[in-house]
1. Here are some conditions: (1) within 21 Å of residue 43 (Cα to Cα); (2) more than 16 Å from the ligand (Cβ to nearest atom); (3) in contact (Cβ under 8 Å) with a residue 60 or more places away in the chain. Residue 453 meets all but one. Which one does it not meet?
2. Just to check your reading of the model, which residue among 153, 190 is closer than 22 Å to residue 449 by Cα, buried (at least 18 other Cβ atoms within 10 Å of the Cβ) and at pLDDT 95 or above?
3. Going through 403, 304 one at a time, which residue ends up being surrounded by fewer than 16 Cβ atoms within 10 Å (Cβ to Cβ) and within 27 Å of residue 271 (Cβ to Cβ)?
4. I'd like the full set of residues that are more than 15 Å from the ligand (Cβ to nearest atom) and in contact (Cβ under 8 Å) with a residue 60 or more places away in the chain, limited to the range 73-86.
5. Filter the range 147-176 down to the residues that are in contact with a strand residue (DSSP E or B) (Cβ under 7 Å, 6 or more places away or on another chain) and outside any loop (DSSP other than H, G, I, E, B), then identify the one that is farthest from the ligand (Cβ to nearest atom).
6. All but one of (1) surrounded by fewer than 21 Cβ atoms within 10 Å (Cβ to Cβ); (2) within 29 Å of residue 307 (Cβ to Cβ); (3) within 16 Å of the ligand (Cβ to nearest atom) hold for residue 378, so report the exception by its number.
7. What do you reckon, is residue 98 more than 8 Å from the ligand (Cβ to nearest atom) and under 27 Å from residue 193 (Cα atoms)?
Ligand code: HEM
């Protein structure tokens, strides 16, 4: 029997689940006894946090539901201290506790030495050779999905559907047959309700989500033995067959937990940024044309309607647009952690077991780091442009940084480029209505209603 990685206990395991509330010495706006500051924060997260930052500085408390106090930490210095976490003091496991029940001990809910050994093994499933195999698998899915983008399309609904099809085929490796429908249905149930209120009564969204999760776990578990033997180019088979330098593999339950973690981390984030890119290109025709020219030049050189792994680097302007979309609309608006020990930041003493949140949007709109931050200007990400963007790596954190930095970042760049390439070679995008875009920010940025774009064949 093959040896498997063991879970390593960490100091975060000993902390109480409820975060410390002894925070009266810290600055912050007063909150309602029941709703805290949630009514101001939820509909307007970035602007609310920036307003509070202007009054209280880079570290302040806010109240969430039942006025549970948490600490917002904003700016590149806070991002660096918490994400690099040189002293193993900021627990992601307790920050992302909400995922534990549904998705098990996936990589986001592991800390320090324990997290490191799992992450090291998982990075192999994102090596260039493996990534290029995923790209070959996703290209026809993208083509099929785009084939009926004609007339007015609700892009957010469609990008979610496309991301789901990619999850079933490229992540889980279910390529054909009646199984696809069942996977699609259950995965959709789990991913769309993962952050629903945890009310387990029969018929509630969360209880349907738990049942769908159990069915998926069973199917993954039934498949696992085959995948370990036969391997395969999909992400599940890759995860099932990885070994570290000591010949240790992931246990069955770890493979399944990590699969769920990745599906959760990949799905809504990619769908959200793709929808925002479509929206921005429809509303900034000059950039749509620039990107189309870039795609057509590449097409003229290579001749394929589908992007190849070797040509990813040739779409540099698509890259800038993706980065600018991430700056303006970071899908993940809060990055949660919990302090294991007390620490100091800018003269303030923050006790142990305090719930902390980093806010990418706060620094992404700070004029100290981005000139005209409200303006859509992808050229600020050109390598030669040092004027309207500060190069501090902790001033751009849509994928996080440090030990938990997004494992699927290159996958995401690849998927976005593959979709934009196929779309712009065949379609023109225009706004379908004069209405302004209304967004929800938590748990992931998305339109409050539909996101209508008009597509026409070129
Ligand atoms: C635009 C798309 C995406 C965005 C904006 C995004 C963003 C992020 C962020 C901010 C984190 C760090 C969370 C933290 O530090 O607490 C993260 C972690 C992670 N992401 Fe992504 N992500 C994206 C796509 C993907 C994709 C496509 C995959 C998988 C194929 C993926 C897999 C992961 C995993 C496994 C982690 C946890 C890493 C760890 O804990 O060590 N993500 N992502």
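The values are calculated or read from the model by the stated rules, or taken from the named source; none is laboratory data. Keep in mind the model is a prediction, meaning the values are calculated, not measured. When we count neighbours, we look across all protein chains shown, and the Cβ atoms used for this are built from the backbone with ideal geometry, even at glycine.
1. (1)
2. Numbers: 190 fails: at pLDDT 95 or above.
Matching residue, one of 153, 190: 153.
3. Numbers: 403 fails: surrounded by fewer than 16 Cβ atoms within 10 Å (Cβ to Cβ).
Answer to the check: 304.
4. Going through the range 73-86, the residues more than 15 Å from the ligand (Cβ to nearest atom) turn out to be 74-77, 86.
Selection gives 74, 75, 76, 77.
5. First, pick out the residues of the range 147-176 that are in contact with a strand residue (DSSP E or B) (Cβ under 7 Å, 6 or more places away or on another chain): 149-156.
So of that shortlist, the ones also outside any loop (DSSP other than H, G, I, E, B) come out as 151-156.
On the way: 151: 27, 152: 25, 153: 20, 154: 20, 155: 15, 156: 14 Å.
Out of the qualifying residues, it is 151.
6. Going through (1) surrounded by fewer than 21 Cβ atoms within 10 Å (Cβ to Cβ); (2) within 29 Å of residue 307 (Cβ to Cβ); (3) within 16 Å of the ligand (Cβ to nearest atom) one by one, residue 378 breaks only (1).
7. Values: more than 8 Å from the ligand (Cβ to nearest atom): yes; under 27 Å from residue 193 (Cα atoms): yes.
Taking the combined requirement at face value, the residue satisfies it.
Residue-by-condition table, conditions (1) under 25 Å from the mean Cα position of the chain (by Cα); (2) loosely packed, with under 14 Cβ neighbours inside 10 Å; (3) free of Cβ contacts under 8 Å to residues at least 12 places away in the same chain:
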residue	(1), (2), (3)
32	no, yes, no
36	no, no, no
39	yes, yes, yes
45	yes, no, no
49	yes, no, no
52	no, no, no
57	no, no, no
65	yes, yes, no
68	no, no, no
